Amino acid sequence: MEFLAFLVRRVLWSLLVLVGLSIVIFAIARIVPGDPARMALGPTATAEQVADLRADLGLDRPIVEQYGRFIAGLARGDLGRSLLNERPVASDIRDTFAATFELVLFTIMLAFAFGVPLGVAAARWKDRWPDNLVRVFAIFCAVTPGFFLALLLQILAGYVLHILPTTGRLPPSMDFAADITGLVTIDGLLRGRLDVVLEGLRYLLLPSIALAAATMGQIARITRSSMIDVASQDYIEASRAFGVPERVRVFKYMLRPSFVPPLTIMGLEFASLIGNAFVVELVFAWPGMAAYGIRTILQKDLNAIMGVVMVSGVFFVLVNLLIDVLVGFVDPRVRIRGRRA
Amino acid sequence: MSQALLSVDNLSVDFSTYGQTHHVLKNVSLDVPARSQIALVGESGSGKTVTMKAIMGLLRQPPATIAGGRIFYDGRDLLTLPDKERLKLRGTAMSMVFQDPMSSLNPVFTIADQMTTILKYADRRLDRQRNGRDRLARVHEVLTQVRMRDPERVARSYPIMLSGGMRQRVLIAMALLSEPKLLIADEPGTALDVTTQAQILKLLKDLVEARGLALLMITHNLGVVRETSSYVYVMNKGQVVEHRPTAELFAAPREDYTKALIAAVPRLTGGTRFGTAEVAP
Ligand SMILES: Nc1ncnc2c1ncn2[C@@H]1O[C@H](COP(=O)(O)OP(=O)(O)OP(=O)(O)O)[C@@H](O)[C@H]1O
Ligand SMILES: [Mg+2]
């Protein structure tokens, strides 16, 4: 019951944030200096052509009406057309977002699957060699720039060892269209094409390792410090005094209360990687939204920029909502008090 | 001496930190006969908790080392017992009541979860066969013994949903799970308000008497000593400086240190002017 109330509160809060976000994005798009129509058409266009495009885009309307149209479009899933090639922005974003989402999802899973156990091991053998090793490794991962790692991996695994593919999502020879969810591995699974799933994973591996390293380092570090903090709590000593074995103390009594900080980090990283993946996407020729977003910015394609930012924002809010729910699930104090402990 | 349930004989414990050795316990001896109520009193830092941890086998070595002495439980020397045998006694034959009800329960698991887990591993150590449902029934049973009105609801609760007094009673119930013969209570209830603390001490005393347990009450409060013990050991700087029947000690304290302790501590009375205040969750 209290969980439902907690959930409703969180959802309402997220909606509020989304409304705020749409206003901010709209305002910024209208405040940036320069006329989007002029920018799109270039210096050689005539004044009439510019005026036509402005009318087309509704830029000559009162600002409130423009915002109304913007919102109405959003509600229909219509993000307008690209100012450059007239393609609907929404469909470009849909295609590229799926690629980025698959990459980032896999990245986060890698970071979590390795970061948490490393952090637990470091805390369990605090100040002994496993801890020192993990700490050095985590720092190393956290400070290595993503593009450097991306190039290193590409050269090493791709060109020197020839064990993994270095560009794209699937071999060009493979005849497969990810047309259900847009995620190659998931669609391969849904269509019963195991060969596609395996190839998809092979293609995912290098870019996602390059992208995961920093996040994994962070998750390992925060898990370690969180575990060490919990280890010194009275309730851990109490469970020892009651004869609960160490294995249970570490993996049950310590890990669960320690789980909230890494979960929170995971949420933040998940959302910010969507935008920050562009370097890795460019290096590995990954047809993702992060790279698309950068291109649209360089080309000053206003509608596309707004679309990318809006989609990233919605994704950010949704991921955080999901994380809040998970945190509430892990820590009853949160869902009972309705805030983080 | 050998007929006592628990007997600490000339126990010395050192702590080494940063290359320095501190003699934290010096030749501490004390006896807890079966069904007796013994108090161990002393100011902060006098070594009460270290004594308790040594008895329970909870001292971490290093930094601690047992420099000398023996600890007998039921005639067996705990310090020479194999780890496995020793573990069989911890939380089962001898059990602890923890001091701070706010911090001694895991915040993210229900009371039932925490108590059945303790019971599960106690059962395993003692080769007792019992299934999950029987364990839960036992949990409800001990919660009833500590006078919970609605044991099933308490068992389903997370610690945060219970008042301080209720949590302290859960901690007592936890200690009772495996029917120990000896309860060691390190300052129980000092984190609670005076009224609730008095109720907790009364409950503990009643339980110990009704179930024929021995109680070692560790405290720095002579008011608690007077309420809960018949014999008292006074500790100062790692040594037992005086030990006598409680009534005698209060009538005529011998040591200046004891006199100072008695003078310093406000009386703790069982009843209260404000009536009984059981805080609803
Ligand atoms: N882990 C440790 N490392 C070093 N010294 C310790 C350690 N634990 C306890 N001591 C020392 O042992 C002495 C006795 O501590 P102890 O906790 O037994 O006191 P206490 O009588 O229980 O006090 P209180 O009433 O405050 O609980 C203190 O001087 C303390 O500094
Ligand atoms: Mg103490």
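Being open to solvent by less than 80 Å² (accessible area, probe 1.4 Å) and among the charged types (D, E, K, R), is that true of even one residue in the stretch A:109-124? There is no residue in the stretch A:109-124 that is open to solvent by less than 80 Å² (accessible area, probe 1.4 Å) and among the charged types (D, E, K, R). Checked against (1) at the interface with chain B (Cβ under 9 Å from one of its Cβ atoms); (2) open to solvent by less than 30 Å² (accessible area, probe 1.4 Å), A:Val250 passes all but a single condition, namely (1).
Check the stretch B:107-120 and report whether any residue there is facing another protein chain (nearest Cβ under 10 Å) and in contact with a strand residue (DSSP E or B) (Cβ under 8 Å, 6 or more places away or on another chain). No, there is no match, as no residue in the stretch B:107-120 is facing another protein chain (nearest Cβ under 10 Å) and in contact with a strand residue (DSSP E or B) (Cβ under 8 Å, 6 or more places away or on another chain).
For the stretch B:200-226, residues that are buried (at least 19 other Cβ atoms within 10 Å of the Cβ) and modelled with pLDDT of 85 or more total 13.
Selection of the stretch B:172-188 for residues being within 16 Å of ligand 2 (Cβ to nearest atom) and open to solvent by 10 Å² or more (accessible area, probe 1.4 Å) yields B:Asp186, B:Glu187. Mind listing whichever residues of the stretch B:121-138 are within 13 Å of another protein chain (Cβ to nearest Cβ) and either in a helix (DSSP H, G or I) or closer than 14 Å to B:Leu171 by Cα (or both)? B:Tyr121, B:Ala122, B:Asp123, B:Arg124, B:Arg125 - these are the residues of the stretch B:121-138 that are within 13 Å of another protein chain (Cβ to nearest Cβ) and either in a helix (DSSP H, G or I) or closer than 14 Å to B:Leu171 by Cα (or both). Only one of the numbered conditions (1) in a helix (DSSP H, G or I); (2) open to solvent by less than 80 Å² (accessible area, probe 1.4 Å); (3) out of contact with any helix residue (DSSP H, G or I) (no Cβ under 8 Å at 6 or more places or on another chain); (4) modelled with pLDDT under 85 is not met by A:Gly34, and that is (1). Do any residues in the stretch B:7-23 that are over 15 Å from B:Arg60 (Cβ atoms) have Cβ atoms under 7 Å from those of residues that are open to solvent by less than 50 Å² (accessible area, probe 1.4 Å) and not in a strand (DSSP E or B), where the two are at least six apart or on different chains, and which pairs are they? Going by the 7 Å Cβ cut-off, the qualifying pairs are B:Val8/B:Ile55; B:Leu11/B:Ala54; B:His23/B:Gly238. Against the numbered list (1) in contact (Cβ under 8 Å) with a residue 40 or more places away in the chain; (2) more than 16 Å from ligand 2 (Cβ to nearest atom), B:Ala191 comes up short only at (2).
Here A:Ala98 passes the criteria (1) open to solvent by 80 Å² or more (accessible area, probe 1.4 Å); (2) in contact (Cβ under 8 Å) with a residue 60 or more places away in the chain except the one numbered (1). Taking the stretch B:121-137 as the range and being surrounded by fewer than 18 Cβ atoms within 10 Å (Cβ to Cβ) and free of Cβ contacts under 8 Å to residues at least 40 places away in the same chain as the test, the residues that pass are B:Arg124, B:Asp127, B:Arg128, B:Gln129, B:Arg130, B:Asn131, B:Gly132, B:Arg133, B:Asp134, B:Leu136, B:Ala137.
Here's the yes/no breakdown for (1) more than 14 Å from every other protein chain (Cβ to nearest Cβ); (2) open to solvent by 20 Å² or more (accessible area, probe 1.4 Å):
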site: A:Arg135; (1), (2): yes, yes
site: A:Leu153; (1), (2): yes, yes
site: A:Asp175; (1), (2): yes, yes
site: A:Gly200; (1), (2): yes, no
site: A:Ala238; (1), (2): no, no
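Among the residues making up the stretch A:11-22, a single one is under 20 Å from the mean Cα position of the chain (by Cα) and either closer than 21 Å to A:Pro332 by Cβ or assigned to a loop (DSSP other than H, G, I, E, B) (or both): A:Val11. Once the stretch B:49-95 is narrowed to residues that are within 14 Å of chain A (Cβ to nearest Cβ), away from ligand 2 (no atom under 16 Å from the Cβ) and among the basic types (Lys, Arg), the residue that is most open to solvent (accessible area, probe 1.4 Å) is B:Lys84. For the stretch A:253-271, enumerate the residues that are within 13 Å of another protein chain (Cβ to nearest Cβ) and in a helix (DSSP H, G or I). Once the filter is applied, which keeps residues that are within 13 Å of another protein chain (Cβ to nearest Cβ) and in a helix (DSSP H, G or I), the stretch A:253-271 yields A:Tyr253, A:Met254, A:Leu255, A:Arg256, A:Pro257, A:Ser258, A:Val260, A:Leu263.
The values are calculated or read from the model by the stated rules, or taken from the named source; none is laboratory data. Everything numeric here is computed off the predicted structure, so don't read it as measured data. In this analysis, Cβ positions are derived from the backbone assuming ideal geometry, glycine residues included, and neighbour counts consider all displayed protein chains. We work out accessible area using only protein heavy atoms, side chains counted, and drop any ligands, DNA or RNA first. Shrake-Rupley method; radii C 1.70, N 1.55, O 1.52, S 1.80 Å.
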